[in-house]
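The values are calculated or read from the model by the stated rules, or taken from the named source; none is laboratory data. These numbers come from a predicted model, not from an experiment. Don't worry about glycine lacking a Cβ; one is built from the backbone with ideal geometry, like all the others, and counts go over all protein chains shown.
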């Protein structure tokens, strides 16, 4: 499959910095294939949840300076996935544009809303009780969401409504984001939906 194929919302990104190397392949209209390896197993699990709910195919390979910490890896994966979303969507003017979802995961309840033609910004009240979630720093969760939103040119709101278990809260957020993106990228005959004025 090629990103030059008409109607296919597809992108390939390769980024290399002093501290990381990230490759992303994205097909927004796939839905059954994902191959994710960042060196951070909990992060892989969260990215898998995002793509399962978003119903898109993704390949992510990241090599980062994990001997230092996970910050650069999480941020650069967010940058690469965000860029892939922006490129895959750049020629599609027929999307609904907006999406939102509220997801429960055990004790956690998280609401997410997106504007895919937004200003590239994150508004999040996610806070965690623990410093780490598996092998992922809790601070890196919002850093990933921020870099994804900026590079996808997406306005992203994440609102934790309930929950004390950090794993459940994080999982609900990634699932809700996937569902919200899926809603937002649906095609519509109302072509003006994606061309409205930015608020």
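Table for the structure above
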quantity	calculated
Residues that are surrounded by fewer than 19 Cβ atoms within 10 Å (Cβ to Cβ) and within 14 Å of residue 158 (Cα to Cα), drawn from the stretch 109-119	109, 111
Matching entry among 148, 156, 122 (being within 15 Å of the chain's Cα centre (by Cα), buried (at least 18 other Cβ atoms within 10 Å of the Cβ), at pLDDT 95 or above and closer than 19 Å to residue 12 by Cα)	148
Test: residue in the stretch 78-87 that is touching a residue at least 12 places away in the same chain (Cβ under 8 Å), farther than 14 Å from residue 47 by Cα and assigned to a loop (DSSP other than H, G, I, E, B)	no
Boolean, residue 60 is surrounded by 15 or more Cβ atoms within 10 Å (Cβ to Cβ) and either part of a loop (DSSP other than H, G, I, E, B) or free of Cβ contacts under 8 Å to residues at least 60 places away in the same chain (or both)	yes
Set 43, 56: member being under 12 Å from the mean Cα position of the chain (by Cα) and farther than 20 Å from residue 146 by Cβ	56
Every residue from the stretch 31-54 that is part of a helix (DSSP H, G or I) and in contact (Cβ under 8 Å) with a residue 60 or more places away in the chain	41, 42, 43, 45, 46, 47, 49, 50, 51, 52, 53, 54
Hits in the stretch 1-38 (condition: surrounded by fewer than 11 Cβ atoms within 10 Å (Cβ to Cβ) and at pLDDT 90 or above)	18
Top-ranked residue in the stretch 127-141 [being surrounded by fewer than 19 Cβ atoms within 10 Å (Cβ to Cβ) and in contact with a strand residue (DSSP E or B) (Cβ under 8 Å, 6 or more places away or on another chain); ranked as nearest to residue 28 (Cα to Cα)]	138
Any hit, the stretch 97-108, residues being within 30 Å of residue 18 (Cα to Cα), surrounded by 16 or more Cβ atoms within 10 Å (Cβ to Cβ) and touching a helix residue (DSSP H, G or I) at 6+ places or on another chain (Cβ under 9 Å)	no
